[in-house]
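Here's the structure we're looking at; comments come further down.
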Amino acid sequence: MYARVTLELEKHAQVLTLPAAALLVEGDKMFTFVVKEGIAKKIPIKTGFDNGIEIEVSEGLGDQDEVVISGRNLISNGDLVRVTKRGQK
């Protein structure tokens, strides 16, 4: 016999989360890239709960910020970028 169990240890309502793929770690600091007027901006963030798939962001991001997920390792602060939504080219 076997069972599948899901335990909800904590529930955080109305928090910003990012996919783990959007996070850049440098030493003990965490960053992500956002796009402002077509330019990539590297910004420091503070994180909370991390389940390995999504990361809770406690400081540094607003709910309207456009975050770079794909290709974040290929850009630098101040680079010109073009935003596409998933599934667009």
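Filtering the stretch 27-62 to residues that are in a strand (DSSP E or B), farther than 18 Å from S76 by Cα and not basic (K, R) leaves T47, G48, F49, D50, E54, I55, E56, V57, S58, E59. Selection within the stretch 7-26: residues that are over 14 Å from N77 (Cβ atoms) and not aliphatic (A, V, I, L, M). The member of this set that is most open to solvent (accessible area, probe 1.4 Å) is Q14. With respect to G52, determine if the residue is open to solvent by 50 Å² or more (accessible area, probe 1.4 Å), touching a residue at least 24 places away in the same chain (Cβ under 8 Å) and on the phi > 0 side of the Ramachandran plot. So G52 passes the test.
Every listed requirement among (1) touching a Gly at 6+ places or on another chain (Cβ under 9 Å); (2) surrounded by 16 or more Cβ atoms within 10 Å (Cβ to Cβ) is met by V35 save one, (1). Does at least one position in the stretch 48-59 carry a residue that is under 30 Å from K11 (Cβ atoms) and more than 15 Å from the chain's Cα centre (by Cα)? So far as the stretch 48-59 goes, no, none of its residues is under 30 Å from K11 (Cβ atoms) and more than 15 Å from the chain's Cα centre (by Cα). The single condition among (1) open to solvent by less than 50 Å² (accessible area, probe 1.4 Å); (2) out of contact with any Leu (no Cβ under 8 Å at 6 or more places or on another chain); (3) more than 19 Å from Q14 (Cβ to Cβ); (4) in contact (Cβ under 8 Å) with a residue 12 or more places away in the chain that G71 does not meet is (4).
The values are calculated or read from the model by the stated rules, or taken from the named source; none is laboratory data. In this text, all values refer to a predicted model and were calculated from it rather than measured experimentally. Backbone-built Cβ (ideal geometry, glycine too); neighbour counts: all protein chains shown. For the accessible areas, the whole protein counts, side chains as well, though only heavy atoms, and no ligand, DNA or RNA atoms are used. Shrake-Rupley method; radii C 1.70, N 1.55, O 1.52, S 1.80 Å.
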